[in-house]
Amino acid sequence: MGERVRVELRRTGGFTGRPVHVVLDSARLPPADAAELVRLVSAIDPGMLKSTATSAGADLMRYDLTIERGPQRWQGTVSDPAIPARLRPLLQFLTNHS
């Protein structure tokens, strides 16, 4: 695998309030999962990580993301209902690996 990607997700909020924290590194994942992580990160525009979090509704999910792709690093927070559609598959992938 050529490109290395590392993603950290902290999810808070929701009805149960159960926080999620997951860190995935493509260098440490099985090849199929590593390829999918790289694909999902490649499909997003890092500009969508600008904070869109709202303070209204404690039951809304809030996602704090850090993405490292090669020498680049992006951080941001998004929350329901303002999560960009192209970012949702990455959030689902990360949540499934928590």
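One table, with the values for the structure above:
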| item | result |
| --- | --- |
| Loop GluC sites (Glu not before Pro), region 1-40, which have at most 14 other Cβ atoms in a 10 Å radius of their Cβ (DSSP) | 3 |
| Amide H contacts under 5 Å for residue 76, placed H, 5+ residues apart | 65 |
| Net lengthening on full extension, residue 97/residue 28 (0.36 nm per residue, minus Cα-Cα) | 23.5 nm |
| Phi to ³J(HN,Hα) by Karplus 6.51 cos²θ - 1.76 cosθ + 1.60 over region 18-24, Hz, x for Gly, Pro | 6, x, 10, 9, 9, 10, 10 |
| Among (1) 38.1, 121; (2) 13.3, 45; (3) 13.2, 42, the entry derived from the coordinates for Rg and Dmax of the Cα atoms in Å | (3) |
| Vicinal HN-Hα couplings computed from phi for region 39-47 (Karplus, 6.51 cos²θ - 1.76 cosθ + 1.60; Hz; Gly/Pro x) | 4, 5, 5, 5, 7, 9, 9, x, x |
| Amide H contacts of residue 61 (H built 1.01 Å from N, under 5 Å, at least 5 apart or other chain) | 14, 80 |
| Zone of residue 21's modelled label, taken as backbone nitrogen in region 73-98 under 19 Å from a point 7 Å along Cα→Cβ | 75-78, 94-98 |
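Where a number appears in this text, it was derived from the coordinates with a stated rule and is not lab data. In this text, all values refer to a predicted model and were calculated from it rather than measured experimentally. Note: ideal-geometry Cβ built from the backbone for every residue, glycine included; neighbour counts use all protein chains shown.
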